[in-house]
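Structure, as structure tokens:
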């Protein structure tokens, strides 16, 4: 499995607007059929740049599914963010390969 991670630093001036937008954007990404789930998380480290940082982790069905997302969907979905927020959001993307998963069962 592969996690497609998008980390974004959001300018304080548009933080609330971006948060509303991302909660509408995530279902659009999932609707591509390339991912099985996502997690929206807030990064709990204070950035030197200021602003607020979030990470969205999308779990890809497969390498092929992620490649399909890049080829057929990514550009259109990224353009929406650029149109709305321009240079007020700094984002970078990483791919993570899941090696093992563990969980704890509680009674």
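Any read-out appearing in this document is the output of simple, stated calculations on the displayed coordinates, not a laboratory observation. These figures come from a predicted structure and were not determined experimentally. As a convention, Cβ positions derive from the backbone with ideal geometry for all residues, glycine included, and neighbour counts pool all protein chains shown.
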| Using the count of nearby Cβ atoms within 10 Å as a rough guide to exposure, how do 85, 35, 106 rank from fewest to most? | 106, 85, 35
| message | Neighbour counts of other C-beta atoms within 10 Å: give me 11, 80 arranged from fewest to most. | response | 80, 11
| query | Can you give the calculated 222 nm mean residue ellipticity of the chain, where each DSSP H run of n ≥ 4 adds -39,500 (n - 2.57) and the sum is split over every residue, rounded to the nearest 500 deg cm²/dmol? | reply | -9500 deg cm²/dmol
| Computed over the chain: relative contact order in percent, which uses C-alpha pairs under 8 Å that are six or more apart | 45
| request: Would you mind checking the radius of gyration and Dmax of segment 2-97 based on alpha-carbon positions, in Å? | output: 13.2, 38
